[in-house]
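Chemist: I'd like to ask some things about the structure below.
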Amino acid sequence: MKLILLGGPGAGKGTQAQKLAEKYNIPQISTGDMLRQAVKDETEMGKKAKTFMDQGKLVPDEVVIGIVKDRLTKDDVKKGFILDGFPRTVEQAEALDKITDDMGIAIDAVVNIATSPEVIIERLSGRRSCRDCQKVYHVVYSPPKEEGVCDVCGGELYQRDDDKPETVKKRLDVYNEQTAPLIDYYKDKGKMVEVSGDNSIDEVYEDIVEALS
Ligand code: AMP
């Protein structure tokens with residue numbers, strides 16, 4: 001199973017990718033998580049990426065394409081993978097086509113999680129993430145057992161800088177301008193399945209699994 005999850009900020013890509021990765025026993029490849037790890041590790045790439053991320057902008061294509069290309073050389077992707085947050089521009093999608101062609105593999109399906117702007121704002125303002133294992137919570141809809149502490153690894157939960165209201169607006173604009181065109185890109189390839197992201201986590205998950213089967 002080789003999947004791409006598409007959707008705006010707050011659509012629930014990361015949450016659904018975690019669940020699907022568990023179900024199909026394949027890795028979740030999240031460019032956002034990999035970039036945040038690089039920021040945390042203060043690598044050269046992380047320092048450069050941070051300036052874009054903090055402003056709600058996309059990190060330059062060549063950087064992100066390089067990260068994904070590298071990740072797809074690892075052994076664990078042989079059984080399949082879920083791309084979460086990549087591609088985000090047509091240039092990235094074209095680069096991915098080339099990478100998969102060179103590997104002799106093909107993406108099986110692209111799932112678009114379509115979510116309304118009001119839901120997105122509510123979700124992002126309540127989102128909390130684990131600093132250590134990146135698991136995602138929501139203060140109202142999926143709170144941890146103990147406030148501020150990750151259920152899985154005991155790590156500290158924090159609000160991402162780019163989930164603050166002023167940056168969310170910018171991310172939505174960036175999504176509409178640069179990422180939304182990918183919906184037609186993949187529709188034209190006949191690989192697109194669409195689900196509503198406005199429902200509960202479990203409902204969206206069931207809709208995705210049904211659409212994929
Ligand atoms: P995410 O966790 O997917 O919401 O990503 C958080 C931030 O990381 C985005 O707002 C971008 O700044 C950056 N980022 C993640 N994935 C990509 C990508 N495929 N292309 C460019 N920037 C990305």
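The values are calculated or read from the model by the stated rules, or taken from the named source; none is laboratory data. Because the structure is predicted, anything quoted here is derived from the model rather than measured. Neighbour counts run over all protein chains shown; Cβ positions are idealised from the backbone, glycine included.
Chemist: Just to check your reading of the model, which residue among Ser213, Ser200 is surrounded by fewer than 17 Cβ atoms within 10 Å (Cβ to Cβ) and within 20 Å of Leu124 (Cα to Cα)? Let's see the steps before the verdict.
Modeler: Working: Ser213 fails: within 20 Å of Leu124 (Cα to Cα).
Of the residues listed, the single one that is surrounded by fewer than 17 Cβ atoms within 10 Å (Cβ to Cβ) and within 20 Å of Leu124 (Cα to Cα) is Ser200.
Chemist: Sticking with this one: From the list Glu166, Glu147, pick out the single residue that is out of contact with any helix residue (DSSP H, G or I) (no Cβ under 9 Å at 6 or more places or on another chain), modelled with pLDDT under 95, more than 30 Å from Lys2 (Cα to Cα) and of a type in the set (D, E, K, R).
Modeler: Details: Glu147 fails: modelled with pLDDT under 95.
The match here is Glu166.
Chemist: Has the stretch 86-105 got any residue that is closer than 20 Å to Phe52 by Cα and touching a Gly at 6+ places or on another chain (Cβ under 6 Å)?
Modeler: No.
Chemist: Could you check the stretch 51-108 and list, in sequence order, the residues that are basic (Lys, Arg) and more than 13 Å from the ligand (Cβ to nearest atom)? Let's see the steps before the verdict.
Modeler: Kept after step one, since they are basic (Lys, Arg), are these residues of the stretch 51-108: 57, 69, 71, 74, 78-79, 88, 98.
Once the filter is applied, which keeps residues that are basic (Lys, Arg) and more than 13 Å from the ligand (Cβ to nearest atom), the stretch 51-108 yields Lys74, Lys78, Lys79, Lys98.
Chemist: Sticking with this one: Do we have Glu42 as modelled with pLDDT of 95 or more, more than 20 Å from Ala93 (Cα to Cα) and charged (D, E, K, R) here? Explain how you work it out, then say what you get.
Modeler: Values: modelled with pLDDT of 95 or more: yes; more than 20 Å from Ala93 (Cα to Cα): yes; charged (D, E, K, R): yes.
In short, yes.
Chemist: In the stretch 51-89, which residues are of a type in the set (Val, Ile, Thr) and either in contact (Cβ under 8 Å) with a residue 24 or more places away in the chain or surrounded by 14 or more Cβ atoms within 10 Å (Cβ to Cβ) (or both)?
Modeler: Quick first cut of the stretch 51-89, residues of a type in the set (Val, Ile, Thr) only: 51, 59, 63-65, 67-68, 73, 77, 82, 89.
Across the stretch 51-89, the qualifying residues are Val59, Val63, Val64, Ile65, Ile67, Val68, Val77, Ile82, Thr89.
Chemist: Here are some conditions: (1) away from the ligand (no atom under 16 Å from the Cβ); (2) farther than 27 Å from Gly190 by Cβ. Val119 meets all but one. Which one does it not meet?
Modeler: The failed condition is (1).
Chemist: If only one of Gln159, Gln178 is closer than 17 Å to Thr89 by Cα, within 14 Å of the ligand (Cβ to nearest atom) and surrounded by fewer than 19 Cβ atoms within 10 Å (Cβ to Cβ), which one is it?
Modeler: On the way: Gln159 fails: closer than 17 Å to Thr89 by Cα.
None of the others qualify; the one that does is Gln178.
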